[in-house]
Amino acid sequence: AQIQASNEKYGKDRKLITASPAEEAIFDQVPSVQKLFTDYDNRSQARISRGTAYLTGAGPVRASMTGTGVAPIDDTNALVEVAGDLGVSPIDLATIIGFETGGTYNPNQWGGQGGQYMGLIQFGPSERQKYGVVEGMTFRNQLISVAAFLKDRFKSAGMSTQGANLEDLYTTVIAGNPGANRDAQDSFGTSARSGVAKMGPHRERAMQRFGFSQN
């Protein structure tokens with residue numbers, strides 16, 4: 001617009017800016033994909049990588065892009081955004097949530113010993129108080145608490161969540177520390193290692209629910 005106004009004022013004929021092939025490819029996409037590249041206030045490498053994965057067909061993409069998931073789009077977007085912030089696979093994170101909530105993905109799910117545990121990763125009473133987990137939270141808001149919990153526990157062990165795998169994450173959820181004994185059992189006889197071994201069906205359901213494809 002500035003170039004055009006300048007041309008009109010000074011009688012010039014300077015060439016207007018034209019879109020590059022990459023820009024044209026982006027703006028040919030649906031708004032949810034365009035936003036990954038053009039939302040500068042929330043721009044991150046993780047968001048750009050998700051957009052690139054969609055454009056190239058490589059890697060898991062969001063249900064809001066594929067239309068194949070059955071979960072609410074905001075839940076799927078929140079899952080991918082939080083997983084990107086943690087530097088972990090959204091499929092791994094969804095698998096653990098499915099396993100811990102008995103397949104409901106309900107942030108208000110109660111369970112555990114004495115029915116004293118609640119939420120996406122079954123927060124105990126002290127963790128609920130520390131991370132602000134209360135009944136009535138949305139999936140997105142409670143995921144933020146999940147991320148804070150994981151970051152704190154990894155940091156306390158001198159580790160980063162970046163690149164953590166399924167067993168690393170579940171060890172932290174069940175034992176409170178990514179460096180904990182992975183064969184130690186909880187009150188139900190489940191260890192980090194045995195829990196992960198049972199997660200195959202939950203992984204498949206998580207992929208279907210959130211519309212992910214496996215690399």
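The values are calculated or read from the model by the stated rules, or taken from the named source; none is laboratory data. These numbers were taken from a predicted model, which means no experiment stands behind them. Note that each Cβ is placed from the backbone with ideal geometry, even for glycine, and that neighbours are counted across all protein chains shown. Note: accessible area is taken over every heavy atom of the protein model, side chains too, but ligands, DNA and RNA are not part of it. Shrake-Rupley method; radii C 1.70, N 1.55, O 1.52, S 1.80 Å.
The trypsin sites (Lys or Arg not before Pro) of the stretch 120-193 include none that meets both criteria, a DSSP state outside H, G, I, E and B (loop) and at most 10 other C-beta atoms within 10 angstrom of the site's C-beta.
Counting only lysines at least 8 places from K9 when in the same chain, there are none with an alpha carbon closer than 23 Å to its own. Applied to the stretch 122-139, the Karplus parametrisation 6.51 cos²θ - 1.76 cosθ + 1.60 on θ = phi - 60° returns per-residue 3J(HN,Hα) values of 6, 5, x, x, 5, 5, 4, 5, 5, 9, x, 8, 9, 5, x, 5, 6, 4 Hz, with x for Gly and Pro. Give the carbon-plus-sulfur fraction of the accessible surface of the stretch 99-215 in %, rounded to a whole number; probe 1.4 Å, heavy atoms of protein chains only. Carbon-and-sulfur percentage of accessible area, whole number: 47. Using a Cα-Cα cut-off of under 17 Å, which aspartates and glutamates could be cross-linked to K130, ignoring same-chain neighbours fewer than 8 residues away? Candidates past the 8-residue exclusion: D152. Sorting 113-120, 76-83, 172-179 by their mean Cβ neighbour count within 10 Å, with the most densely packed peptide first, gives 76-83, 172-179, 113-120. Annotation: D152 carries an accessible surface of approximately 70 Å², with a 1.4 Å probe and no ligand, DNA or RNA atoms counted. In this calculation the C-beta distance from Q129 to D74 is compared with R0 = 35 Å, giving a FRET efficiency of 0.85.
Hand me the GluC sites (Glu not before Pro) from the stretch 135-207 located in a DSSP loop with no more than 14 other Cβ atoms within 10 Å, in residue order please. Before the final figure, lay out the partial values.
Values: sites: E135, E167, E204; in loops: E135.
Hits after loop and neighbour filter: E135.
Semi-axes, largest first, in whole Å: what does sqrt of 5 times each Cα gyration tensor eigenvalue give for the stretch 100-215? Kindly include the intermediate steps, with their values, before the conclusion.
Working: eigenvalues 72, 70, 52 Å².
Over the Cα atoms of the stretch 100-215, the semi-axes work out to 19, 19, 16 Å.
Here is the link list: K155/K198; K151/K198; K12/K35. Which ones come out longer than 31 Å on Cα distance? Long pairs (Cα-Cα over 31 Å): K12/K35.
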